1. Considering amide H positions built from the backbone, and no H for Pro or chain starts, which residues 5 or more places from A110, or on another chain, come under 5 Å of its amide H?
2. Under the classification rounded if a/c is under 1.5, otherwise prolate if a/b is larger than b/c and oblate if not, where does region 7-63 fall, given a ≥ b ≥ c as square roots of the Cα gyration tensor eigenvalues?
3. At 0.36 nm per residue, minus the direct Cα-Cα distance, what do D73 and S155 gain on full extension? Give it in nm, one decimal, please.
4. Obtain the nm distance between the two label points defined at K57 and A11 by a simple spin-label model: each point lies 7 Å from its Cα along the Cα-to-C-beta direction.
5. So, with a 1.4 angstrom probe, what is the percent of accessible area on region 25-137 that is carbon and sulfur?
6. Could you put E122, E78 in order of accessible surface area, largest first, with the 1.4 Å probe and the full protein assembly present?
7. Can you list, bin by bin at 5 Å, the percent of alpha carbon pairs in region 1-99, starting at 0?
8. Put R63, R44 in order of accessible area, largest first, 1.4 Å probe: what do you get?
Amino acid sequence: VKPKVLLVRLAHDDPWSDAEAGRTLDILESLGAKAIAFDSVPGRNSREFFQRAAELKNVVFGRELQPDPDNPDKLRLEEWPAAARALDLPWGVVFLPPSLKGVYRWQQAAVVVGTNAYPALESRAAALCQPSSTNSAGTGAFLVNFMGGPGKIPSVRLSRVLAGDLITDMVKGKVVLVGAADEFPGMTAATVAAARRAIRRR
């Protein structure tokens, strides 16, 4: 099966200025990315970057759950940075359920915090692949597909993207997951499973 996900890895020594962040969006969009998912919300980018992301309609940001400072036993969503506020930006929760004997076999399509159910990042990215569906992965949990083993998903450094080394075939029709290289292992398989389900329905 042709991989439906491309990983773009940000190493700690990768420069990523605001101009480069915007250029990354434009390059991936021009090469036909179906959805562009960030594993976090960039905290130092400008209003122009977030406005461009909102205009594209296929960019989704991962937001973490953090302890409520007023009640550490409760969780709440991290705040948007000032530059991103009041914009219509798709987002999903970055969340890993407890492992089963060391394996993350299942992933939740949504995370319940208090009385609110928030979509997981993987579910929201998959939904962008099929706009007619509000939640392509459903409302419960879905099984993560580990077939193919590690190293089977295309993965490139951010520096290659900015250098113009990517070709259309590497990006077109795929979910592009952009994030820190050392944070990928936990969400890669879940993103692939969610994207595969959504794209299969097109």
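The values are calculated or read from the model by the stated rules, or taken from the named source; none is laboratory data. Bear in mind the structure is a predicted one, so any value in this text is a computation, not a measurement. Note that we place each Cβ from the backbone using ideal geometry, even for glycine, and neighbour counts take in every protein chain shown. Ligands, DNA and RNA are stripped out before the accessible areas are found, and what is left, the full protein with its side chains, is counted by its heavy atoms. Shrake-Rupley method; radii C 1.70, N 1.55, O 1.52, S 1.80 Å.
1. Residues meeting the amide H criterion: A120.
2. Rounded shape, in that the Cα axes give a/c under 1.5.
3. Computed gain between D73 and S155 is 25.8 nm.
4. Calculated label separation equals 3.8 nm.
5. The C+S portion of the solvent-accessible surface of region 25-137 is 49 percent.
6. Per-residue accessible area, sorted high to low, gives E78, E122.
7. For region 1-99, the binned pair fractions read 2, 11, 19, 23, 19, 13, 8, 4, 1, 0 percent.
8. The ordering from most to least exposed comes out as R44, R63.
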